[in-house]
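Novice: Please see the structure below; I have some questions.
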Amino acid sequence: MTRPGAARGREDLVAKVVAITSGKGGVGKTTTAAAFAAGLALRGHKTVVIDFDVGLRNLDLVMGCERRVVFDFINVINGDANLNQALIKDKRNDNLYIFPTSQTRDKDALKREGVERVLEELKQQFDFIICDSPAGIEHGAVTALYFADAAIIVTNPEVSSVRDSDRIIGILASRSRRAERNEPPVETNLLLTRYDPARVAKGEMLTVEDVQEILSVPLLGVIPESESVLRASNTGTPVAFDEDSPAGRAYLDAVARFLGEQREMRFVQPERRGFFRVLFGRA
Amino acid sequence: MAGNLVQGALFTVMVVRAGMLRDTAFEEELQQQVGRSPRFFLNAPVVLDLKDSEGFTTEEAFLDAGEALRRHTLALVGVQNALPEQISAAAGAGLAVFAPNSTQPSRRAVQAGTGQATAASAAIMPAAITQSARPPARLVTEPVRSGTQIYARGTDLIVTAAVSAGAELVADGHIHVYAALRGRALAGASGDVEARIFCSRLEAELVSIAGRYLVSEQLPPEQRGSAVHIALVDDQLTVTKN
């Protein structure tokens, strides 16, 4: 499903709403939302990433635009500001926009009709609308996935994360707008993050195969546990902009697969010290 | 709109033989049975089978019978196999008259507990008002995710995809899972002790038939991951490899 780039006229495009969700907290949803949006923008798609985590605003920090927030998602839902006043253009990529949320309100401010109106308006301008979901299965999380056309389930290779992901996949299949309207189901993909092949080999983490067997949804990618992710978050740079880091390359691979390309899975085997490396003592 | 005013529906009702009501042992037996599955019997409809029973020619007799069943939370709704003089008395007592007995005694006699066919448990048997006794089995082809509950009311449940940990299958009849069963499965949820659970990979959190249950750690470890069927044998949940 290769999508045409932003260069083409907007009339023949159907914008896609992509929910980044997981159920469990702390698995890397916001990192993934930022990296995915950056990756899509790098591929020439006009992309906006929305923070649905009302009251726990983080996306602006991860995107490095926290000092430029004036109006937010809730202001626009309530009609206190218009869309273009609230959208923040990324300084590194012209295709990338950030739509921050409110830190002072809570999830109840996410009125479904208001969210729908804002998403419809965004669809006029963007190819991809990435929704960074809050943790949990309550109102905020359900609102973030309700309008989704596609979903990326972020999972860590451990049992509680996998079970929560399973729950969220069930909610996508039963409570999304597509499910309610009997439309084709939300296109659901799995992204395995914080994967440490060495610990998997020792049996301390679930393998890619274990997780896939339990969740039985297509695997979009495996993001290795990497220092570069923490560094990226702290410096406000989406990790996909860091093409030198394994995590950055893994995210770019995942974006390519999401756009319909075939790419071999990387970073799933533990790094071996090869024969020559041992022989010559190279690290 | 007129077409919607009258709709057909199928119900499962219990049939009690009228003669039994006069047996003192019956009340005791009935009380025990209701006590074992109080929810199943609460306000459950009962049809009185008048076959070969003398009397019951006055309204009074039917009102008394209704009163006796009401004491055990059952609701008398009608009669069957009634003679002409019994029909008018029953109608006078506000009871429906069902067609002469076309139902066969069900193979699924409710015998919660003992496993021995006592006079009372043989007398109370679910029978259908029409000939098709149960709704068709419920078929589920998508994975059953954590947090989902599926109930096959009055029938069997067939699942052809994996049932995740944290998901729950409930059926009044049998449960078949043609994939890994990792969640909970409760067959015979309304007390049918003949119900069974079949699965092609047993990794369940809990299995239950007619209220008896085993949790994961009570399941035989050597049968984990195997294709099994689970049945109630002498009131014990028994897991057998296929």
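The values are calculated or read from the model by the stated rules, or taken from the named source; none is laboratory data. Note that the structure is predicted; figures quoted are calculated from it, not measured. Neighbour counts are summed over all protein chains in view; Cβ atoms, including those assigned to glycine, are modelled from backbone coordinates with ideal geometry.
Novice: Name, by its number, the condition in (1) at pLDDT below 85; (2) surrounded by 13 or more Cβ atoms within 10 Å (Cβ to Cβ) that does not hold for B:Gly78.
Specialist: So B:Gly78 meets the others, but not (1).
Novice: Filter region A:73-126 down to the residues that are in contact with a strand residue (DSSP E or B) (Cβ under 8 Å, 6 or more places away or on another chain) and part of a loop (DSSP other than H, G, I, E, B) and list them by number.
Specialist: The answer is A:Leu87, A:Asp90, A:Asn95, A:Pro100, A:Thr101, A:Gln125, A:Phe126.
Novice: Of the numbered conditions (1) of a type outside the set (A, V, I, L, M); (2) in a helix (DSSP H, G or I); (3) over 19 Å from the mean Cα position of the chain (by Cα), A:Gly203 fails exactly one; give the number of that condition.
Specialist: If we test A:Gly203 against (1) of a type outside the set (A, V, I, L, M); (2) in a helix (DSSP H, G or I); (3) over 19 Å from the mean Cα position of the chain (by Cα), just (2) comes out false.
Novice: Does region A:143-162 hold any residues that are away from chain B (no Cβ under 14 Å), under 19 Å from A:Asp132 (Cα atoms) and touching a residue at least 40 places away in the same chain (Cβ under 8 Å), and which are they?
Specialist: A:Thr143, A:Ala144, A:Phe147, A:Ala148, A:Asp149, A:Ala150, A:Ile152, A:Val154, A:Asn156
Novice: OK, next. Being of a type in the set (A, V, I, L, M, F, W, C), within 25 Å of A:Val239 (Cα to Cα) and modelled with pLDDT of 95 or more is the requirement here; does A:Val27 meet it?
Specialist: It is true that A:Val27 is of a type in the set (A, V, I, L, M, F, W, C), within 25 Å of A:Val239 (Cα to Cα) and modelled with pLDDT of 95 or more.
Novice: So in region A:163-199, with the set limited to residues that are in a strand (DSSP E or B) and of a type in the set (D, E, K, R), which one is nearest to the other protein chains (Cβ to nearest Cβ)?
Specialist: For region A:163-199, the residue satisfying everything is A:Glu187.
Novice: Those residues that are within 21 Å of the chain's Cα centre (by Cα) and touching a residue at least 40 places away in the same chain (Cβ under 8 Å), I need them from region B:154-172; list them, please.
Specialist: The answer is B:Gly154, and nothing else.
Yes/no matrix, rows are residues, columns are (1) under 20 Å from A:Val211 (Cα atoms); (2) at pLDDT 95 or above:
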position: B:Ser146; (1), (2): yes, no
position: B:His176; (1), (2): no, yes
position: B:Phe198; (1), (2): no, yes
position: B:Gln218; (1), (2): no, no
position: B:Pro221; (1), (2): no, no
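Novice: Assess whether B:Glu142 counts as being within 14 Å of another protein chain (Cβ to nearest Cβ) and surrounded by fewer than 18 Cβ atoms within 10 Å (Cβ to Cβ).
Specialist: yes
Novice: Which residue, of A:Glu213, A:Glu227, is away from every other protein chain (no Cβ under 14 Å) and either crowded, with 20+ Cβ neighbours inside 10 Å or within 19 Å of A:Gln269 (Cα to Cα) (or both)?
Specialist: The unique qualifying residue is A:Glu227.
Novice: Out of curiosity, is A:Glu113 within 14 Å of chain B (Cβ to nearest Cβ) and either over 17 Å from the mean Cα position of the chain (by Cα) or without any contact (Cβ under 8 Å) to a residue 12 or more places away in the chain (or both)?
Specialist: No: the conditions fail for A:Glu113.
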